[in-house]
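The next block holds one structure in the form of structure tokens; read it before the comments.
The values are calculated or read from the model by the stated rules, or taken from the named source; none is laboratory data. Just so it is clear, the structure is predicted and the values come from calculations on it, not from any experiment. Because the Cβ atoms are built from the backbone with ideal geometry, glycine has one as well, and the counts that use them run over all protein chains shown. Side chains are part of the model used for accessible areas, which takes the heavy atoms of the whole protein and leaves out ligands, DNA and RNA. Shrake-Rupley method; radii C 1.70, N 1.55, O 1.52, S 1.80 Å.
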Amino acid sequence: DFVTHNSYISFGTEYAQVDIGYRESWLSPAQESAELLSTNAEPIPSITISNVKAITDWNINYQMSFGFLQEMDGIHFGDKTSSGKPGFLTMHMSTQLFDWWTFGVNRTFMFGGGERSINLSDIWKAIIDPVSSDNCGGLSDLQDCDIEVGNQIASLTSKFDFSIFDNFPVSIYAEFGGEDTNDYKNYLLGNKGFTLGVFIPYLTDTTSIYFEHSLFEDQWYIHHLYDEGYRNNLHVMGHWWGDEKAIKDPVEANVTTIKVNWDVSQIDHLELLIRSVKNSSSTLFNYKRSLEAELNYKHAYNAGFLGLSIVAGSDTYGDSFSRIAFSYNW
């Protein structure tokens, strides 16, 4: 397929830049995954407003975008299902309160599509009161699931940068996400996901190492209004782990990633990436522990890079796979 990733036009100012097109976004300080929005799925046509230059001495950054996902099947409304293109809204804000600490909040909102028609008032009410707009039943004021607006996910992030001793910097990342609210309260996150990462950029003068671990409760990337869940063109828009389980399967998971980089010389670079997924037991599949290893080699050549990539492993269904790829980037 042909993917128009990061193809867009821009205009505006350093504090309010408008991007129209297929801009990719990454709403997380983690390097290998993002719970809400990553580059795992192809980008959507959207309008994005953000600042290029940080605002004030607190380095405030914001981003808002709106677009439509690709057409999906199985959008529920009453006792009927239809096909359509749900709207997709993203919100991000972060600030650097101290030189060593960056704190951020993220939120995404998937709504409408097919026979589910909503207006701007519905969207605004869902943003300020998700319990009464997205969480039908129980203690919510919303008892009719037919008028539920859509699917929202939120996360809080932190990034700590410090030096254990001279010339040995360390970064620690954390993301705490909620696929839902907890106890029907707007300020509590439910169906939680946790990500913790440690990045050492100079393990030696020529090597760096990154470690990341994620835990997910069982309701991530599935939704009763959308049979295809939190996806664009059948790929999860958040953490890549979402593609390692059946679309409608509510499973818990432990996910681990380790990446080592080595500058072999001034023009040669080697990267080793290891991933592992352990899904909980399921009534749909007898999941296996997946293990994947990827070795990437890059060589600077003229104005670009020659690349070699070798991948091998087994997935969560117990199937083995392998791939070899050559590339040239300029």
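Can you report the number of residues in the stretch 231-266 which are in a strand (DSSP E or B), touching a residue at least 60 places away in the same chain (Cβ under 8 Å) and open to solvent by 50 Å² or more (accessible area, probe 1.4 Å)?
Step one: filter the stretch 231-266 for residues in a strand (DSSP E or B), giving 231-232, 235-236, 253-263.
Restricting the remaining residues to those that are touching a residue at least 60 places away in the same chain (Cβ under 8 Å) gives 231-232, 235-236, 255, 257, 259.
Of the ones still in play, those that are also open to solvent by 50 Å² or more (accessible area, probe 1.4 Å) are 235.
Within the stretch 231-266, residues that are in a strand (DSSP E or B), touching a residue at least 60 places away in the same chain (Cβ under 8 Å) and open to solvent by 50 Å² or more (accessible area, probe 1.4 Å) number 1.
Assuming THR283 fulfils every condition listed in (1) in contact (Cβ under 8 Å) with a residue 24 or more places away in the chain; (2) over 17 Å from VAL311 (Cα atoms) apart from one, which condition is it?
(1)
Only residues in the stretch 23-34 that are surrounded by fewer than 20 Cβ atoms within 10 Å (Cβ to Cβ) count as the first member; pair them with residues that are in a loop (DSSP other than H, G, I, E, B), Cβ under 6 angstrom, at least 6 apart or cross-chain, and list the lot.
GLU24/HIS5; GLU24/ASN6; GLU24/THR39; GLU24/PRO43; TRP26/ALA34; TRP26/SER38
In the stretch 37-63, what residues are assigned to a loop (DSSP other than H, G, I, E, B), within 24 Å of ASP1 (Cβ to Cβ) and of a type in the set (A, V, I, L, M)? Write out each step before concluding.
Our first condition is that a residue be assigned to a loop (DSSP other than H, G, I, E, B); within the stretch 37-63, this holds for 37-45, 51-54, 56-59.
Subsequent filtering for residues that are within 24 Å of ASP1 (Cβ to Cβ) retains 37-45.
If the condition is that a residue be assigned to a loop (DSSP other than H, G, I, E, B), within 24 Å of ASP1 (Cβ to Cβ) and of a type in the set (A, V, I, L, M), then LEU37, ALA41, ILE44 are the ones that fit.
Looking only at residues in the stretch 153-177 that are surrounded by fewer than 22 Cβ atoms within 10 Å (Cβ to Cβ) and within 14 Å of the chain's Cα centre (by Cα), which one is nearest to PHE77 (Cα to Cα)?
It comes out as ALA154.
Among what's in the stretch 267-285 and is part of a strand (DSSP E or B) and hydrophobic (A, V, I, L, M, F, W, C), pick the residue that is nearest to the chain's Cα centre (by Cα). Don't jump to the end; show me each part of the working.
As a first pass, look at the stretch 267-285 and keep what is part of a strand (DSSP E or B): 268-279.
Within this subset, residues satisfying the condition of being hydrophobic (A, V, I, L, M, F, W, C) are 270, 272-274, 277.
Numbers: LEU270: 26, LEU272: 22, LEU273: 19, ILE274: 19, VAL277: 16 Å.
Filtering first and then ranking leaves VAL277.
What are the residues in the stretch 289-303 that are at pLDDT below 95 and not polar (S, T, N, Q), if any? Walk me through it before giving the result.
Within the stretch 289-303, the first condition is being at pLDDT below 95, and the residues that meet it are 301-303.
Those that are at pLDDT below 95 and not polar (S, T, N, Q): TYR301, ALA303.
Condition (residue is of a type in the set (Asp, Glu), assigned to a strand (DSSP E or B) and either modelled with pLDDT under 95 or surrounded by fewer than 19 Cβ atoms within 10 Å (Cβ to Cβ) (or both)) applied to the stretch 88-100: is it met by at least one residue? Break it down stepwise before answering.
Residues of the stretch 88-100 that are of a type in the set (Asp, Glu), as a first pass: 99.
Within this subset, residues satisfying the condition of being assigned to a strand (DSSP E or B) are none.
The answer is no; no qualifying residue exists.
Being open to solvent by 60 Å² or more (accessible area, probe 1.4 Å) and farther than 22 Å from PRO86 by Cα is the requirement here; does PHE11 meet it?
yes
Picking from LEU225, LEU189, LEU196, LEU215, which residue would you name as being touching a His at 6+ places or on another chain (Cβ under 6 Å) and open to solvent by 30 Å² or more (accessible area, probe 1.4 Å)? Walk me through it before giving the result.
Values: LEU225 fails: open to solvent by 30 Å² or more (accessible area, probe 1.4 Å); LEU189 fails: touching a His at 6+ places or on another chain (Cβ under 6 Å); LEU215 fails: touching a His at 6+ places or on another chain (Cβ under 6 Å).
Within the list LEU225, LEU189, LEU196, LEU215, the selection yields LEU196.
Taking the criterion of being under 23 Å from ALA41 (Cα atoms), outside any helix (DSSP H, G or I) and either among the small types (Gly, Ala, Ser) or in contact with a Cys (Cβ under 7 Å, 6 or more places away or on another chain) (or both), would at least one residue in the stretch 286-294 satisfy it?
yes
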